[in-house]
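Undergrad: Before we start, here is the structure in question, set down as C-alpha cells.
The values are calculated or read from the model by the stated rules, or taken from the named source; none is laboratory data. Every value quoted in this text rests on a predicted model; they were computed, and no experiment measured them. Here the Cβ is made from the backbone with ideal geometry for all residues, glycine too, and neighbour counts use every protein chain on show. Heavy atoms of the whole protein, side chains included, go into the accessibility calculation; ligands, DNA and RNA do not. Shrake-Rupley method; radii C 1.70, N 1.55, O 1.52, S 1.80 Å.
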Amino acid sequence: MSKRLLHAKRFIPLLALAVSLFLIAAPATAEPKEGKQDALIAQIVCEYLKRGHLSQPEINDDISRRVFRRFLKGLDPNKLYFVQADFDEFKKSETDLDDQLLKGELTFPYKVYERLLTRVGERQKLVDEFVGAQHDYTVQEFLDTDPDTIEYAKTDDEMRERWRKRIKFDLLLQRMGDKPVAEAEAKEKVLTRYKSLAKRWKQVDNADLLEIYLTDLTTSIDPHSTYMSPTTLADFEIAMRLNLDGIGAVLRSENGTTIVVEVVPGGAAGKDGRLKPNDKIVAVAQGDDKFVDAVDMKLQEVVKMVRGPRGTKVQLKVVPVGKIEPIVIDLTRQKVELKAQEARGDIVEQGKKADGKPYLVGVIDLPSFYADAGNEQNPPKSATEDVRKILKEFKDKKVDGVVLDLRHNGGGLLNEALSLTGLFIDQGPIVQVKGSNGKILRKDDPEKGTVYAGPMIVLTSRFSASASEILAGALQDYNRALLVGDTTTYGKGTVQTVIDLGSQARGDTPSKLGALKMTIQQFYRANGDSTQVRGVVSDVAVPSLTEYLTEGEKESEHALPFDKVKPADHEDVGLVTPELKTGLKEKSAARVKESKDFVKQAKDIELLKERKARKKVTLNEKELKAQFSKDDAEKLDGKGDDPPSDTPAGAPYKFKRNFTNNEVLQIMEDFMQSRKPVAGR
C-alpha cells in the first residue's frame with residue numbers, strides 16, 4: 001500500500017455494521033452520457049483496490065465474471081426486461097470487463113443500459129395491454145418469485161406470459177385486505193406505478209450509472225467495499241456528523257426493493273417499535289397524502305421521500321418479514337435523541353439467595369460504542385465512561401451480577417470497544433488487527449485495573465456486530481464472562497476506510513470524483529480466531545426470532561473468509577469454566593423445552609423459515625386470500641425478543657421481563673449459585 005494511501009487526508013475509519021443511508025439525496029434527471037472524468041475514476045478505483053484492499057485482489061477474469069453477473073442482476077433481477085438474446089450478446093464481454101476497467105473504458109455499462117431503456121419502452125406496451133385485459137382469478141397458476149431460478153425469456157410469447165402473470169399479481173394484490181380497491185382504481189394504480197418506473201429509469205445520469213457499475217466491481221471483492229458518487233459522499237458525511245432528522249432507519253436496496261437494515265435507537269421508528277430489520281418499504285406518503293409506489297424505485301429517491309423536516313408526518317407501507325400483505329406505519333419525523341443511544345442501567349431482582357433475599361442483577365443496555373468530544377454547550381461523552389458510572393452505581397447497591405446487553409449493538413468506535421472491555425479485565429490484549437501487508441498489530445487494554453470483577457453475562461444476537469464482537473470475543477477468550485443469546489453474532493470482522501478520490505487527483509477538488517469505501521483490515525481475537533463470517537459463538541444459546549430475521553456475514557456474497565493468526569498471550573480469569581458452561585447450557589435447555597412460550601416461539605420460527613423459503617405465489621384469488629388469512633392468524637409476535645428500546649425519552653430504563661429475558665436472568669441465577677469466590681470482588 002502506498003504511503004499516499006495510508007495518509008490520505010480524508011480517511012474515515014468505519015466499524016459499524018451498516019451505513020446510515022437514509023440521508024442520501026435523489027439524483028439529477030438526465031439520460032446518462034459518459035462524463036469526462038469517469039474513466040479516471042474507474043482507473044483510480046481499480047488502483048486503490050489492487051494496492052490498498054485487505055485481500056490485494058487481482059482485477060482479473062474471475063472478477064470480470066462477477067461484475068458481469070452482478071451488473072445484469074442489479075438492473076433486471078426478475079428478468080422482466082432483457083431476453084436471452086440480449087444476455088447472449090452481453091456475455092461476449094463477460095471476461096473483458098477487467099481489462100476495460102483497468103483502462104478506464106466504460107462502453108459496456110452504457111451499452112447495457114441503452115438496451116435496458118429500449119426494453120423498458122417495449123415492456124410498457126405489455127403493461128398497458130395486460131392492465132386493460134380481463135384476468136381470470138379462479139385459474140390455478142403461480143408466479144415465480146425466486147430471481148435465482150428464473151431464466152431469461154427466449155421468445156416473445158414467453159415474455160408476454162411472464163408479464164401477464166406479473167400484472168395479474170399486481171392487480172390481485174389490490175383485491176386483498178379488508179378493503180379491496182375498486183377495479184378501475186386498481187388498474188390506474190398499477191399503470192401509474194410502471195409509468196413512473198419507466199420515467200425513473202430515464203432519469204439515471206452518468207454519476208448514478210458509474211456508482212452502480214463500480215460498486216458491482218467493489219462488492220465483487222467483498223460486500224462492504226463500495227464506490228460513492230459525489231452526491232452520495234456528501235450525504236454520507238452528513239450522516240457521519242449524526243444529523244439524523246428523519247425516522248431513524250438504515251435502508252438498503254436489494255433487487256429493486258427497499259429493505260430496512262437497522263432501526264436506530266432513539267429515532268421515530270425505534271420508539272414506535274413496529275418497523276423491523278428486513279421489512280420491505282413498498283410505498284411512502286407525505287402526511288395524509290396519497291402513497292407513492294416505491295417498488296423498483298432507486299434507493300436515493302425512496303430515502304428522499306422518507307426523509308424530511310422534523311415534526312412532519314410520513315406514512316410507510318411496509319411488508320413485514322415473511323408476509324405478502326403490507327401494513328401502514330405512520331411516523332412523525334424527529335431528531336434522533338442521543339440519550340436514547342447512551343448506555344443505560346437497571347437493577348432487577350431474581351430468585352433467592354441462601355439468606356432468603358433476592359439476587360440483585362444489574363443490566364446495562366449498550367446500543368453502540370460511541371464517543372463525542374463535546375463542545376462549550378455539551379460535555380464530552382463516551383460509552384466507556386457512561387458504563388463506568390453505571391458500574392459504580394451497581395457496586396454501591398451491591399449487585400450480585402451484571403448483564404451487558406449488546407443484542408442491538410451493531411458496532412461503533414474501536415477505541416471505545418478496547419477501553420470498555422478493559423473495565424472488566426485487568427490488562428492484556430483485546431483484539432489483533434491485520435492489514436493488507438500481513439502485519440499483525442495488537443490492541444491492548446488501555447487502562448490497568450478492573451472496575452467490575454464479579455459474575456457477568458454478555459447478551460448477544462445476530463444483530464451484534466463488529467465492535468460488539470470484539471468485546472464479546474475478548475471476554476470469552478479470558479473466560480471472564482458467559483456469552484448468552486443467539487447461536488452466533490453477525491460475523492463482521494473487517495474495518496473499512498473512506499477515501500475521498502477527489503483529494504487524491506491532481507488539479508481536482510474533493511467534490512468531483514466521489515469516494516471509495518474500502519476494506520483495509522481484519523480483526524482477530526486474542527485466541528487468534530477471526531470474528532469474520534463465524535462471529536462469536538454463544539456459550540448458552542437461547543432460541544429467538546432474531547436468529548432468523550437477518551442474514552449474517554456468512555450469507556453475504558463474496559464475504560472474506562474466516563481465518564486465524566497466532567494467539568496472543570492472555571490471562572485465563574477462570575470465572576467461566578467448561579464445566580460451568582456445560583451445566584448452565586443443560587439447565588437452560590431443560591427449562592426452554594418445558595416452557596409454553598418457547599414452544600410457541602419454536603412454531604413461530606418454523607413459520608418464519610417456511611415463509612422465507614417460498615419460491616412462488618399463487619395467482620388464484622381464493623387461495624391467496626386464504627394464505628393471507630393464515631399468515632395473519634399465525635402472527636409472529638416476537639414477544640420474547642427485546643426491541644432496542646421502547647422506553648420514553650427521559651424515563652428510567654427498565655429491563656423488560658418477557659420470557660426470553662426471564663430465561664437470561666435464570667441463567668444468571670444459576671451462574672451466581674455455581675460460582676466460586678473471586679478475589680478482588
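Undergrad: With the full set of protein chains in place, find how many percent of the accessible area of region 294-434 is carbon and sulfur; take the probe as 1.4 Å. Mind dumping the intermediate values first?
TA: Numbers: 3070 of 6000 Å².
Carbon with sulfur: 51 percent of the solvent-accessible area.
Undergrad: Leaving out ligands, DNA and RNA, and with a 1.4 Å probe, what % of the accessible surface on region 78-200 is carbon or sulfur?
TA: Values: 3050 of 6280 Å².
Looking at region 78-200 in its full context, I get 49 percent from C and S.
Undergrad: Going by a ≥ b ≥ c, the root eigenvalues of the Cα gyration tensor, does region 457-548 fall in the rounded group (a/c under 1.5), the prolate group (a/b larger than b/c) or the oblate group?
TA: Details: a/c = 4.25, a/b = 2.49, b/c = 1.70.
Taking the square roots of the gyration eigenvalues as a ≥ b ≥ c, region 457-548 is prolate.
Undergrad: Ranked highest first by the average count of other Cβ atoms within 10 Å around their residues, in what order do 79-87, 412-420 fall? Mind dumping the intermediate values first?
TA: On the way: 79-87: 17.3, 412-420: 22.8.
Descending mean neighbour count gives 412-420, 79-87.
Undergrad: Right, another one. Quick one: if you stick a label point 7 Å off each Cα along the C-beta vector at E586 and D289, how many nm between them?
TA: 6.4
Undergrad: Over region 30-70, with every protein chain in place, what whole percent of the accessible area is carbon and sulfur at 1.4 Å, could you tell me? All intermediate terms of the calculation are to be shown ahead of the outcome.
TA: Values: 870 of 2020 Å².
Summing carbon and sulfur atoms, their accessible area is 43 percent of the total for region 30-70.
Undergrad: With the Cα gyration tensor of region 109-179 in hand, convert its eigenvalues to equivalent ellipsoid semi-axes via √(5λ) and list them largest first in whole Å. Don't skip to the answer; put the middle values down first.
TA: Working: eigenvalues 129, 43, 32 Å².
So the three semi-axes of region 109-179 are 25, 15, 13 Å.
Undergrad: Just how far, in whole angstrom, is region 289-331 from region 103-146 if you go by their alpha carbon centroids?
TA: 24
Undergrad: Could you report the chain's accessible area per residue, 1.4 Å probe, as an integer in Å²?
TA: Working: 30080 Å² over 681 residues.
With the other protein chains kept in place, the chain gives 44 Å² per residue.
Undergrad: With a 10 Å radius around each residue's Cβ, average the other Cβ atoms per peptide and rank 460-469, 52-61, highest first. Could you put the intermediate results ahead of the total?
TA: Values: 460-469: 29.1, 52-61: 16.6.
In descending order of packing, they fall as 460-469, 52-61.
Undergrad: Based on the mean of other beta carbon atoms within 10 Å per residue, what is the order of 517-528, 663-674, 490-501, most packed first?
TA: The most tightly packed comes first, giving 490-501, 517-528, 663-674.
Undergrad: Between K395 and Y137, what length comes free when the chain is fully extended (0.36 nm per residue of separation minus the Cα-Cα distance, one decimal in nm)?
TA: Numbers: separation 258, 0.36 × 258 = 92.88 nm, distance 6.69 nm.
Difference between extended and current length: 86.2 nm.
Undergrad: Amide H of A249 versus every other amide H placed in the peptide plane: which residues, excluding those fewer than 5 positions away on the same chain, fall under 5 Å?
TA: V264
Undergrad: Evaluate the distance, in nm, between pseudo-label points positioned 7 Å from the Cα of K616 and of R310 along their respective Cα→Cβ axes.
TA: 5.1
Undergrad: Oh, and also: What dipole magnitude, in Debye to the nearest 20, does the chain give about its Cα centre under +1 on Lys/Arg Cβ and -1 on Asp/Glu Cβ?
TA: Numbers: 108 positive and 108 negative charges, 174 e Å.
Result for the chain is approximately 840 debye, rounded to the nearest 20.
Undergrad: Turning to a different aspect of this structure: For region 405-452 and region 39-61, what is the separation of their Cα centres, given in Å?
TA: 31
Undergrad: Along Cα→Cβ, 7 Å out, is where each label goes; now give me the distance between the ones at Q124 and D330 in nm to one decimal.
TA: It works out to 3.5 nm between the two label points.
Undergrad: Under 19 Å from the Cα of K154, which lysines turn up, not counting those fewer than eight places away in the same chain?
TA: In chain and number order, the partners are K73, K79, K91, K92, K125, K165.
Undergrad: With θ set to phi - 60°, apply the Karplus curve 6.51 cos²θ - 1.76 cosθ + 1.60 along region 480-495 and write out the HN-Hα couplings as whole Hz, x wherever there is a Gly or Pro.
TA: Calculated HN-Hα couplings, in order: 8, 9, 8, 8, 10, x, 4, 3, 8, 7, 5, x, 9, x, 10, 10 Hz.
Undergrad: When DSSP beta bridges are limited to those with both residues in the chain, what percentage is antiparallel, rounded to the nearest 5?
TA: Details: 60 of 77 bridges.
Antiparallel bridges make up about 80 percent of those DSSP assigns within the chain.
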